[in-house]
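Student: Have a look at the structure that comes next, please.
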Amino acid sequence: MINGKAFLYTLLLLVMLLAACRPAQVEQGPFVQATATATPRSTPLPPVPTVVPPGTADNPIQMVINPDGVVTSAQISSFEEALREQSDLVINVSVVERYAEALAALCDSSPTNVTVAWLDGVTLEAALAQNCGEPVMQVERGTRNAQAGDAGLIIASEDAAFSGVEALDGRTFCRLALDDYYSWLVPSLMMRANGVDPVNDLESVVDYDSRNALIEAVINGDCDATGISAQDFEALRDAQQDALASIAETPPLPYAVLLYPLSLPLGERIRLEDALLVMENDTDASAALRPLLGQDSLSVVDDDAFEDVADFLADTGLDFAQLSR
């Protein structure tokens, strides 16, 4: 028999086990009734404008050129038409009087106003310094021995009592005009590269109306020195050449180099380059190019084509990145 204490103990143990096995009761609060909300509706976005590809009637490519001589509107139209026919691109040609204007237009290029430009050696360096474009093609002149540029010389009388550009300090320099490339702009750079300030260090600067008068003034001692291109020097009379001496020479400075801006897409780059190369080998098309470019031929630019020019211009100490600003 189970005595009373044992029974109570067993009953108490059973109650504790049942309590432990009972599932917990979750106390619930008052119910919150859901309210209906408006279904969100999408708001249409404004239309995104489509960029018109360059080289079309609505977004023609601008080509800026500083020709050697005077060109007519008919010659410009003939060039544009020949280029459009060969490339299937709409290109408007703008003629400017200074390479600095062509540089400024190149640097202002954008996807909606793409501008390619033909530059000379100095503005080419400025364009590269500002990352305004990439050189792709250059003008060559000469049929038997084609050259892509011409060197600049500083010449003095054979009887001059000095040699070297640094000796021009305190002397008289003569030129054709303030904006003449080979008689003043290039010699000014050559002087700076040799430590002579062409503005402050020269005794005087004298202008002459003609090259022949300028050359005779140097020979006769009225001028201590002047600047001239290597090809123009070779074209002087033998007697004049014999009476003169070159005291400094630059590397060949390119005649004209075509630069593409970063905003010109690859497809249009290839089409324009291919069209120009085809045109320069076609008699009629090449004749349409010549009044503006003065080329005998065109060539694709090598990677190291302008290293010597860049080194020469670096010696001047000038900041070419400021040239178009």
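Student: Quick one: 3J(HN,Hα) in Hz for the stretch 140-149, Karplus 6.51/-1.76/1.60 with θ = phi - 60°, rounded, Gly and Pro as x.
Tutor: Result, rounded to whole Hz: 10, 10, x, 9, 7, 10, 4, 10, 8, x.
Student: Starting at the first residue of the stretch 305-320, write each ³J(HN,Hα) from the Karplus equation 6.51 cos²θ - 1.76 cosθ + 1.60 with θ = phi - 60°, in whole Hz, x for Gly and Pro.
Tutor: Ordered by residue, 3J(HN,Hα) equals 4, 10, 5, 5, 5, 4, 5, 4, 5, 5, 5, 6, x, 7, 8, 6 Hz.
Student: If you count, for each residue, the other Cβ atoms within 10 Å and average over each peptide, how do 261-274, 214-227, 92-105 line up from highest to lowest?
Tutor: Details: 261-274: 16.0, 214-227: 20.5, 92-105: 18.2.
Order by mean packing, descending: 214-227, 92-105, 261-274.
Student: Still on this model: If we sort 162-168, 124-130, 314-320 on the protection proxy, mean other Cβ atoms within 10 Å, highest first, what's the order?
Tutor: Numbers: 162-168: 16.1, 124-130: 22.1, 314-320: 14.1.
Top of the packing list down: 124-130, 162-168, 314-320.
Student: Under 5 Å between amide hydrogens, which residues at least 5 positions from Leu244 or on another chain qualify, with H placed 1.01 Å from N in the peptide plane?
Tutor: Counting only residues 5 or more places away or on other chains, the set is Glu158.
Student: Starting from the 7 Å offset along Cα-to-Cβ, what nm value, one decimal, do you get for the label separation of Asp303 and Ser210?
Tutor: 5.0
Student: Against the globular-protein guess of 2.2 N^0.38 Å, express the Cα radius of gyration of the stretch 152-250 as a ratio, rounded to two decimals.
Tutor: Numbers: Rg = 11.8 Å, N = 99, 2.2 N^0.38 = 12.6 Å.
Output field value: 0.93.
Student: Starting from the Cα of Asn131, step 7 Å toward the Cβ, then list every residue of the stretch 272-308 with an amide N under 13 Å from that point.
Tutor: Correct set: none at all.
Student: Using per-residue counts of other Cβ atoms within 10 Å, averaged over each peptide, order 177-187, 146-156 from highest down. Before the final figure, lay out the partial values.
Tutor: Numbers: 177-187: 19.0, 146-156: 21.9.
Ranked by mean Cβ neighbours within 10 Å, highest first: 146-156, 177-187.
Student: In terms of modelled amide H atoms, which long-range or inter-chain residues lie less than 5 Å from the amide H of Val301?
Tutor: Met137, Gln138
Student: Between Asp197 and Asp180, what length in nm is gained on full extension when 0.36 nm per residue of separation is reduced by their alpha carbon distance?
Tutor: On the way: separation 17, 0.36 × 17 = 6.12 nm, distance 1.78 nm.
So the extension gain works out to 4.3 nm.
Student: Another question, if that's okay. Using modelled backbone amide H atoms (1.01 Å from N, in-plane), which distant-in-sequence or interchain residues come within less than 5 Å of Ser94's amide H?
Tutor: Met63, Val64, Ile65
Student: Towards the positive end of the charge dipole of the stretch 152-250, with charges on Cβ (+1 Lys, Arg; -1 Asp, Glu), say which of Gly164, Tyr208, Pro198 has the farthest Cα.
Tutor: Positive-most Cα among the choices belongs to Pro198.
Student: A further question on this structure: Please express the shape of the stretch 234-325 as an equivalent ellipsoid: the semi-axes are the square roots of 5 times the eigenvalues of the C-alpha gyration tensor, given largest first in whole angstrom. Walk me through the intermediate numbers first.
Tutor: Values: eigenvalues 200, 112, 24 Å².
Taking √(5λ) for each Cα gyration eigenvalue gives 32, 24, 11 Å.
Student: Taking R0 as 56 Å, what FRET efficiency do you get between Ser246 and Ala57 from their Cβ-Cβ distance, rounded to the nearest 0.05? The partial results should precede the final answer.
Tutor: On the way: r = 52 Å, r/R0 = 0.93.
FRET efficiency, Ser246 to Ala57: 0.60.
Student: What's the exposure ranking of Thr143, Thr123, going from fewest to most Cβ atoms within 10 Å? Please report the intermediate quantities before stating the final value.
Tutor: Numbers: Thr143 8, Thr123 26.
In increasing order of surrounding Cβ atoms, one gets Thr143, Thr123.
Student: Right, another one. For Asn145 and Asp284 in the same chain, what is the full-extension length gain: residue separation times 0.36 nm, less their Cα-Cα distance, in nm?
Tutor: Full-extension gain reported as 47.8 nm.
Student: So what J values fall out for the stretch 268-274 if you push phi through Karplus, 6.51 cos²θ - 1.76 cosθ + 1.60 with θ = phi - 60°, rounded to Hz, Gly and Pro as x?
Tutor: Once θ is set to phi - 60°, the couplings for the stretch 268-274 become 5, 4, 5, 5, 5, 5, 4 Hz.
No value in this document is a laboratory result; all are computed from the given coordinates. Values in this document were obtained by computation on a predicted structure and should not be read as measured data. Note that each Cβ is placed from the backbone with ideal geometry, even for glycine, and that neighbours are counted across all protein chains shown.
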